[in-house]
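Report on the following structure.
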Amino acid sequence: MTDLSFMLSRALARGRADGGVPRSRSEILVALLRKRAEAHRQGLHDHEQMLRDQIAWSLPIEDGETEPERSGS
């Protein structure tokens, strides 16, 4: 099944403008969120979990440091 998914994905990418290459991180996140929502709607729990992992991986990482205090006001 994975091979078929990969082949379909490649075929779709060849037919897309710009080869299906996203222009920004936000476009990637939007696409992943839409796919996850559809997987949830269809009850594809394994696929949804895979997409959740991809979403978590693609989110920006914050180091947890606080901003330095500003003097003045």
Is it the case that some residue within the stretch 22-29 is in contact with a Lys or Arg (Cβ under 9 Å, 6 or more places away or on another chain) and without any contact (Cβ under 8 Å) to a residue 60 or more places away in the chain? no
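The rows are residues; the columns are (1) over 18 Å from residue 2 (Cβ atoms); (2) modelled with pLDDT of 85 or more; (3) exposed (fewer than 12 other Cβ atoms within 10 Å of the Cβ).
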| residue | (1), (2), (3) |
| --- | --- |
| 17 | yes, no, yes |
| 25 | yes, no, yes |
| 30 | yes, yes, no |
| 41 | yes, yes, yes |
| 44 | no, yes, no |
In the stretch 31-49, the residues that are closer than 21 Å to residue 13 by Cα and either touching a Ser or Thr at 6+ places or on another chain (Cβ under 7 Å) or among the basic types (Lys, Arg) (or both): 32, 34, 35, 36
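The values are calculated or read from the model by the stated rules, or taken from the named source; none is laboratory data. Note that the coordinates shown come from a computational prediction; the quantities given were computed from them, not determined experimentally. Virtual Cβ from ideal backbone geometry, glycine too; neighbours counted across all protein chains shown.
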